[in-house]
Amino acid sequence: VVALVLLSRSSAFEGREALFARSSGALVEEFPKLRSDAWAQNIRTLPKSKMLRRVGSHLTFTGAWTALVIAGNDAMPGMLPSVDPQPVTIVSTCLTILLGFRTSQSYDRFWDGRNSWSEVWASCRALTRVGGAYYDDLTEAEEEPGSSSSSSFNAALALVATYPYALLYHLRNQTAENAATLHDLYLEFADDVGGVPDAPANALHLKELATRGEHVPIALLDALSLEFRDLRPPDAPEYPVSNLEAHLDRLGRALCSAERIVMTPVPPSYTRHTSRVTTLWSLALPFCFDQVERPAIVLASVLLVSWALYTLEEIGKVIEEPFGSDAEDLALDLPLDKYALSIATDVLRSRRRRLV
């Protein structure tokens with residue numbers, strides 16, 4: 001049942017220098033997907049599995065308990081209790097449903113996290129596309145390549161390119177420790193778009209906000225809203241700016257959706273109960289093998305079944321936090337670093353891909 005739940009909900013997973021080196025900015029080849037015919041490799045790499053390492057202590061305790069039960073049964077035949085397999089079978093059915101539901105709920109959170117970043121991606125592209133078409137017309141009307149409209153829109157582009165990185169650090173609670181990184185990124189992006197007036201001062205202010213632990217994504221959205229508002233000449237139509245504001249609202253909603261995932265964890269009592277049931281069921285399992293005369297078979301069977309259950313439980317814990325909760329989780333969750341890099345690449349290269 002758990003396997004069917006995972007298969008039915010499965011989805012393919014989508015080096016900064018590597019992406020910037022690509023002229024097209026295509027992403028299909030940059031995010032490797034898991035192949036169904038890679039089962040042999042999956043078996044070979046089992047000893048290096050991150051999930052195996054995460055459940056290692058739990059599995060070691062279960063193995064030691066099983067060995068103790070086997071030794072006690074050999075030393076005192078008939079003294080240890082023999083558990084009727086029927087209750088264990090009934091509990092195993094309930095445990096399967098419990099783990100399946102737990103994993104399904106965790107995957108819902110994982111999927112919501114992906115959708116939030118999809119909204120960020122689409123909104124940043126739309127801001128660049130709509131804003132570029134509108135403000136390029138203003139620049140042509142002013143007939144000066146370095147006009148105020150062009151320079152101001154360059155400032156907006158630099159802010160849009162910086163936003164996904166600010167969101168990444170915000171969701172991982174790493175804004176303060178990456179204040180210098182945000183400062184350097186903004187300066188790099190400002191230079192890449194053709195120069196931004198007061199870029200050093202803006203970058204320094206961004207660094208100060210991040211160092212104080214301020215809500216940097218909200219600050220960037222506020223700055224973008226002001227940039228787009230101030231760029232509209234008095235006689236220009238209102239609808240382009242309204243369209244840009246609508247995309248800023250989408251960024252705000254995506255931010256709220258991502259924050260909801262971070263600030264609303266799965267109830268701890270549910271997680272603890274699942275862990276208790278799984279552990280007690282595995283510890284009772286050796287008593288069901290009292291008729292088996294080969295201790296190695298008993299130990300291997302218990303460890304194999306326990307490994308399957310413990311790793312399923314651990315997968316649910318990991319994917320319920322799609323943005324990563326600690327350094328070890330970052331390699332198991334959404335590749336936000338690649339997402340942020342790809343969004344910034346799209347923004348910075350938008351004008352270079354113009355067909356006309």
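Can you run down the residue pairs with Cβ atoms below 6 Å, 6 or more apart or on separate chains, where the first is in region 329-345 and within 8 Å of Pro164 (Cβ to Cβ) and assigned to a loop (DSSP other than H, G, I, E, B) and the partner is at pLDDT 80 or above and open to solvent by 10 Å² or more (accessible area, probe 1.4 Å)? Cβ pairs passing all conditions: none. Number of residues in region 47-69 that are closer than 25 Å to Phe289 by Cβ and surrounded by 11 or more Cβ atoms within 10 Å (Cβ to Cβ): the value is 14. For region 145-174, residues that are over 20 Å from Ser350 (Cβ atoms), hydroxyl-bearing (Ser, Thr, Tyr) and modelled with pLDDT of 90 or more total 1. Looking across region 185-204, the residues that are surrounded by 15 or more Cβ atoms within 10 Å (Cβ to Cβ) and farther than 17 Å from Thr128 by Cα come down to Leu185, Leu187, Glu188, Ala199, Asn202, Ala203.
Of the residues making up region 78-88, none is of a type in the set (Asp, Glu), in a helix (DSSP H, G or I), modelled with pLDDT under 90 and more than 30 Å from Arg253 (Cβ to Cβ).
Filter region 205-225 for residues that are charged (D, E, K, R) and outside any helix (DSSP H, G or I); which is most open to solvent (accessible area, probe 1.4 Å)? Among them, the one singled out is Arg212. Yes or no: Gly316 modelled with pLDDT under 80 and under 24 Å from the mean Cα position of the chain (by Cα)? Answer is no for this residue. Being modelled with pLDDT under 90, assigned to a helix (DSSP H, G or I) and open to solvent by 10 Å² or more (accessible area, probe 1.4 Å) is a property that Leu138 has.
The values are calculated or read from the model by the stated rules, or taken from the named source; none is laboratory data. Being a predicted model, the structure only gives us computed values, none of them experimental. Cβ atoms come from the backbone with ideal geometry, glycine included; neighbour counts cover every protein chain shown. Calculation scope for accessible area: heavy atoms of the full protein, side chains included, ligands and nucleic acids excluded. Shrake-Rupley method; radii C 1.70, N 1.55, O 1.52, S 1.80 Å.
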